[in-house]
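The values are calculated or read from the model by the stated rules, or taken from the named source; none is laboratory data. Just so it is clear, the structure is predicted and the values come from calculations on it, not from any experiment. As a convention, Cβ positions derive from the backbone with ideal geometry for all residues, glycine included, and neighbour counts pool all protein chains shown.
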Amino acid sequence: MYEIYETEAYIFRSYNNSENDKRTLIFSKDFGLLWVDSSGSRKEVSKFRPFIQDFSYLKIFLVRGKMKFRVTGGDLISNIFFDFKDAKKEKVFILKNFFNLIEKILIKNHPEEYIFDLLSEFIFELKKNNLENLKKIEVIFTVKLLILVGYFSEDFLKEKGFDFSQEINDIILDENNIKRIIREINEQLRKIAF
C-alpha cells in the first residue's frame, strides 16, 4: 500500500503525456519542484480536470512510486490567472518568467519552503499591484530569490543603498536604479550554466 502525501502546490506547466494523461511540473511546499503524472486527467469526466491547470494553486494528494509521483486527488484553492483583475497579460508574462527562473535554479525533488513562501508573497503582490509597479516588484522578488539560492550578493544592494527587507511600497526604485539592478541580475545569471 502506498502512502498518500498531501501538500500545497503551484502548477507551473504541463504537457500531454498520452491520449488521456498529463505530466505536470509543480512546485510544492513539502517536496519542492517535481514532475507528477495524472492518469486520465485529459478526459472530460476526469476528477483531476478542474485543478490540474497551469497557474493553479491547490492542495494536491500524491503517491510516490518507484520512479515518479502520481496524482491521486486535489482541491483547487485558486487559479492565479483568473485572480489577476487588471494588466493580466503583463502579470502572466512576469509570473511565467519567475516560474522559469525557479525551474532553472532549483534542484528537483528537494523541499524549498522559503522559496515557496517567497513565491506566494510574489503572487500576492502581483495580484494587488497595478501596471506601473510591476517592474519594481519583478526586480525586487528576482533579487530576493537569487539571494536565497546564493546567486546574488546582498553587498551590491548595501553598496547602492537599497534595503529590500522593507515593505514593497517603502522601497524606492526609480528607472535608473531598476536598470542598474537588472544589469547586476543579468551579470549574476550569466555565471550560471543554464
Need the failing condition index for R183 against (1) over 25 Å from F93 (Cβ atoms); (2) among the charged types (D, E, K, R); (3) out of contact with any helix residue (DSSP H, G or I) (no Cβ under 8 Å at 6 or more places or on another chain), just the number. (1)
Only one of S38, S56 is under 25 Å from L126 (Cβ atoms), among the small types (G, A, S) and not assigned by TED's automatic domain parsing to the domain that holds K128; which? S56
Per the filter on the range 144-194, residues under 24 Å from E103 (Cβ atoms), among the charged types (D, E, K, R) and outside any helix (DSSP H, G or I) are K191
I need a count of the residues in the range 1-36 that are loosely packed, with under 13 Cβ neighbours inside 10 Å and touching a residue at least 40 places away in the same chain (Cβ under 8 Å). 3
Enumeration of residues in the range 181-191 that are under 15 Å from E138 (Cβ atoms) and without any contact (Cβ under 8 Å) to a residue 24 or more places away in the chain: R183, N186
Given (1) at pLDDT 95 or above; (2) surrounded by fewer than 18 Cβ atoms within 10 Å (Cβ to Cβ), number of the condition D54 does not satisfy: (1)
Can you pull out the residues in the range 86-96 that are more than 18 Å from G32 (Cα to Cα) and either hydroxyl-bearing (S, T, Y) or assigned to a helix (DSSP H, G or I) (or both)? K88, K89, E90, K91, V92, F93, I94
Determine the pairs where a residue that is closer than 29 Å to I107 by Cβ, located within the range 149-178, has a partner that is polar (S, T, N, Q) with Cβ atoms under 9 Å apart, the partner being 6 or more residues away or on another chain. Y151/Q188; F152/T142; F152/Q188; S153/Q188; F156/Q188; F162/N177; I168/N129; I168/N133
Checking F116, F141 in turn, the sole residue that is within 13 Å of the chain's Cα centre (by Cα), assigned to a helix (DSSP H, G or I), closer than 26 Å to S38 by Cβ and of a type in the set (A, V, I, L, M, F, W, C) turns out to be F116
Among the listed residues K88, K104, K108, K128, identify the single one that is modelled with pLDDT under 95 and closer than 17 Å to I140 by Cβ. K128
Residue pairs, Cβ under 7 Å, 6 or more apart or interchain, first in the range 106-133 and touching a residue at least 60 places away in the same chain (Cβ under 8 Å), second among the aromatic types (F, W, Y). List them. N109/F31; P111/F31; F116/F27; L119/Y10; L119/F27
